[in-house]
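A.B. asks: Take a look at this one; I'll ask things after.
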């Protein structure tokens with residue numbers, strides 16, 4: 001096996017199969033960068049991901065939960081950390097320290113937005129299916145849609161508005177992992193909070209979402225068999 005991050009070792013993505021989930025944020029990075037990767041869960045099934053994360057198959061740095069990546073002996077997990085790391089590897093992070101910090105700030109905001117949005121679907125038992133707590137979730141879904149989602153979408157709108165490069169990206173003059181993360185967050189909001197999403201007057205953020213979806217590699221991915229379906233359970 002190659003050493004840590006060895007260039008000859010393949011990139012492996014460990015995330016739950018059958019749904020987009022948090023792993024979708026990493027798939028988008030690989031796809032936009034044009035870097036080959038192995039989606040282990042999709043190819044080998046749920047057990048392969050569980051075995052790697054919790055049942056002794058991982059001999060590298062410990063993983064608390066998927067998604068995780070492995071390249072040679074190097075193992076890393078936690079979605080915003082992974083996006084920043086891969087962004088630097090693949091040229092999807094600004095070179096300037098301050099702009100890179102702003103990208104990481106946006107990744108943190110997206111993490112919060114998704115966590116809050118998911119929690120609203122699971123008010124009775126965070127770990128149980130939404131299907132057994134639909135009635136209990138209704139006031140929380142409404143609260144998130146009316147009170148919290150507008151704040152997140154307004155933040156994305158403000159970031160786009162203040163970017164002096166005026167190229168339609170969140171930070172700087174070219175696409176970064178922040179653009180991919182916000183795209184996926186917005187798409188999840190549209191999917192799971194449709195009426196509330198539609199009510200928001202955030203033209204720049206919605207145009208940005210459409211523009212990222214139309215990027216050649218992303219568009220090809222979204223129409224490919226590699227692209228997983230939405231999770232009907234929550235904002236994933």
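The values are calculated or read from the model by the stated rules, or taken from the named source; none is laboratory data. Predicted, not measured: the structure shown is a model, and the values here were computed from it. Please note: Cβ atoms are built from the backbone with ideal geometry, for glycine as well, and neighbour counts cover all protein chains shown.
A.B. asks: Looking only at residues that are at pLDDT 90 or above and over 15 Å from the mean Cα position of the chain (by Cα) in the stretch 3-16, which one is nearest to residue 52 (Cα to Cα)?
C.D. replies: So in the stretch 3-16, the residues at pLDDT 90 or above come out as 10-16.
Subset that is over 15 Å from the mean Cα position of the chain (by Cα): 10-12.
Numbers: 10: 16, 11: 15, 12: 11 Å.
Only one residue fits best here, namely 12.
A.B. asks: Yes or no: residue 50 without any contact (Cβ under 8 Å) to a residue 12 or more places away in the chain, surrounded by fewer than 19 Cβ atoms within 10 Å (Cβ to Cβ) and either in the same structural domain as residue 127 (by TED's automatic domain parsing) or in contact with a helix residue (DSSP H, G or I) (Cβ under 6 Å, 6 or more places away or on another chain) (or both)? If you could, list the steps in order and put the result at the bottom.
C.D. replies: Values: without any contact (Cβ under 8 Å) to a residue 12 or more places away in the chain: yes; surrounded by fewer than 19 Cβ atoms within 10 Å (Cβ to Cβ): yes; either in the same structural domain as residue 127 (by TED's automatic domain parsing) or in contact with a helix residue (DSSP H, G or I) (Cβ under 6 Å, 6 or more places away or on another chain) (or both): no.
No: the conditions fail for residue 50.
A.B. asks: In addition: In the stretch 98-112, is there at least one residue being in contact with a strand residue (DSSP E or B) (Cβ under 6 Å, 6 or more places away or on another chain), modelled with pLDDT of 95 or more and not in a strand (DSSP E or B)? Even if it seems obvious, please write down each step before you answer.
C.D. replies: As a first pass, look at the stretch 98-112 and keep what is in contact with a strand residue (DSSP E or B) (Cβ under 6 Å, 6 or more places away or on another chain): none.
Among the residues of the stretch 98-112, not one is in contact with a strand residue (DSSP E or B) (Cβ under 6 Å, 6 or more places away or on another chain), modelled with pLDDT of 95 or more and not in a strand (DSSP E or B), which makes the answer no.
A.B. asks: Quick one: which of 151, 131, 206 is out of contact with any strand residue (DSSP E or B) (no Cβ under 8 Å at 6 or more places or on another chain), buried (at least 18 other Cβ atoms within 10 Å of the Cβ) and more than 15 Å from residue 103 (Cα to Cα)?
C.D. replies: Numbers: 151 fails: buried (at least 18 other Cβ atoms within 10 Å of the Cβ); 131 fails: buried (at least 18 other Cβ atoms within 10 Å of the Cβ).
Within the list 151, 131, 206, the selection yields 206.
A.B. asks: Pick from the stretch 209-226 the residues that are under 27 Å from residue 130 (Cβ atoms) and free of Cβ contacts under 8 Å to residues at least 12 places away in the same chain: which of them is surrounded by the most Cβ atoms within 10 Å (Cβ to Cβ)?
C.D. replies: Looking at the filtered set, the residue picked out is 222.
A.B. asks: Here is a further query. For residues in the stretch 110-128 being farther than 19 Å from residue 185 by Cα and out of contact with any helix residue (DSSP H, G or I) (no Cβ under 9 Å at 6 or more places or on another chain), which is surrounded by the most Cβ atoms within 10 Å (Cβ to Cβ)?
C.D. replies: So in the stretch 110-128, the residues farther than 19 Å from residue 185 by Cα come out as 123-128.
Now restrict to residues that are out of contact with any helix residue (DSSP H, G or I) (no Cβ under 9 Å at 6 or more places or on another chain): 127-128.
On the way: 127: 5, 128: 11.
Applying the filter and picking the extreme gives 128.
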